[in-house]
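Participant: Just passing along the structure, written as structure tokens.
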Amino acid sequence: MKIDKRHLLNYSILIPYLILSILGLIVVYSTSSATLVQVGANSLRSVLNQGIFWVISLLAIALIYKIKLDFLKDNRLIVIVIFVEILLLILSRFLGARINGAHGWLRFGPISLQPAEYLKIILIWFLAQRFSHQQDEIAMYDYQALTRNQLIPRALNDWRILVVVLIGIVAALPDLGNATILLLTTLIMVTVSGIVYRWFSTLLGILVTLSTAVLAGIWLIGVEKVAQVPVFGYVAKRFSAFFNPFKDLSGAGHQLANSYYAMSNGGWFGLGLGNSIEKRGYLPEAQTDFVFSIVIEEFGFIGASLILALLFFLILRIILVGIRAKDPFNSMMALGVGGMLLTQTFVNIGGISGLIPSTGVTFPFLSQGGNSLLVLSVAIAFVLNIDANEKRESLYREIEETNHGLRIIR
């Protein structure tokens, strides 16, 4: 008996994804049209580009949902993908376009490729594949099992070195926002690998301590001196805004201060869709990094809270798929995707609200950015496929147990 996966589609994940994606197209038009009109461009240009990537994303979801997940466990495939990813990251650093002080985009005619975005799902895939082979050892040796050599390609033997290299290249672009997400996602993947949970508090404590030490060091040394470092000069401006955005309203603190103004303008119910004041040239990157500030301004605190609630519902449903999965690889993939989405949301909201230094991270689904939307869509597709496969295997087991019971009765 063959069970068709079409009947096992998880609508509690698909429907929120579709709502957030469509809402993202509306928000992209709202936040970008005024600026495009001011420079004499087509007001629909940004939303059309985003729409093209969304159509591609839907096709990718349909394709990924149908394929068998076993191919993801092929060691040779992951080696090839990581090699290509490293090559693209290096090319983007030395040949890519420089935007807002950072390299990271490869242009192919009208299309821009951002390799750091794709590294998010690749890292989750690699670590899930790596750790799923070690479940028996992890049960016996705990965290120490993660450092033991395995019968897999030599290039992947020490995952720690590879992860440091990958995140290090992203940080050197410099793209500290995505580097932060990759680091936190790695922490999540290590935590869900099966090790004792006390390691999570230990690793998190180390990360928080190091982050606090870095912030304290920049504050003591002085942002001006840190800004003299060639690679991280522009990053120092973000730290300057974090410490006091109103000290330099025309410079480093301009974005964060206007983000505060936008959120203040929104009040409880907002100014209405399309009526934002700050997006009209006052708040740079209104359609990308600071899009949620404009969402609060136009939809108000209540409207923005409902959008956040829908996003958190989607994340929780994804995490639930990971918790329920029987296969270790499937479980870690789903939990990694949920953790990545949660981390990206936290880093973005923390940046626009001043809780953490702004890192240039887009808000999931709502920010303009075709690469980000495509990566998130691919991640959603894998979770939908994992959930359908887990349900199908569960049904097969139930049918087999039922038939076995009937044979015993006879």
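The values are calculated or read from the model by the stated rules, or taken from the named source; none is laboratory data. Every value quoted in this text rests on a predicted model; they were computed, and no experiment measured them. Don't worry about glycine lacking a Cβ; one is built from the backbone with ideal geometry, like all the others, and counts go over all protein chains shown. Surface areas here come from the heavy atoms of the whole protein model, side chains and all, with no ligands, DNA or RNA. Shrake-Rupley method; radii C 1.70, N 1.55, O 1.52, S 1.80 Å.
Participant: Can you tell me the length gained on complete extension of the stretch R107 to F269, counting 0.36 nm per residue apart and subtracting the Cα distance?
Facilitator: 54.3 nm
Participant: Quote the convex hull volume per residue of region 298-410, based on C-alpha atoms, as a whole number of Å³.
Facilitator: Expressed per residue, the convex hull around the Cα atoms of region 298-410 is 124 Å³.
Participant: Would you tally the net charge around L106, using a Cβ to Cβ cut-off of less than 15 Å, leaving L106 out, and scoring K and R as +1, D and E as -1?
Facilitator: 0
Participant: If you don't mind, there's one more thing I want to ask. Report the net charge of residues surrounding T35, where surrounding means a beta-carbon distance below 10 angstrom and charges are Lys +1, Arg +1, Asp -1, Glu -1.
Facilitator: Net charge in that neighbourhood comes out at +2.
Participant: How much of the accessible area of region 1-110, in percent, comes from carbon and sulfur atoms when a 1.4 Å probe is used?
Facilitator: 70
Participant: Same structure again: PRE reach from L44 (point 7 Å along Cα→Cβ): which of region 16-34 fall under 17 Å by backbone N?
Facilitator: Under 17 Å, as judged by backbone N against the label point of L44, lie 25-34 of region 16-34.
Participant: Not counting ligands, DNA or RNA, and with a 1.4 Å probe, what is S132's accessible surface area in Å² rounded to the nearest 10?
Facilitator: Roughly 30 Å² of S132 is accessible to a 1.4 Å probe.
Participant: Next question. How long are the three semi-axes of the equivalent ellipsoid for region 1-101, computed from the Cα gyration tensor as the root of 5 times each eigenvalue, in whole Å, largest first?
Facilitator: Equivalent ellipsoid semi-axes, largest first: 33, 26, 9 Å.
Participant: Within the set of other residues whose C-beta is less than 13 Å from the C-beta of F292, count the net charge using Lys and Arg as +1 and Asp and Glu as -1.
Facilitator: -4
Participant: Among the aspartates and glutamates, select those whose C-alpha is under 16 Å from the C-alpha of K120, and discard any that sit fewer than 8 residues away in the same chain.
Facilitator: Reachable aspartates and glutamates: E85, D175.
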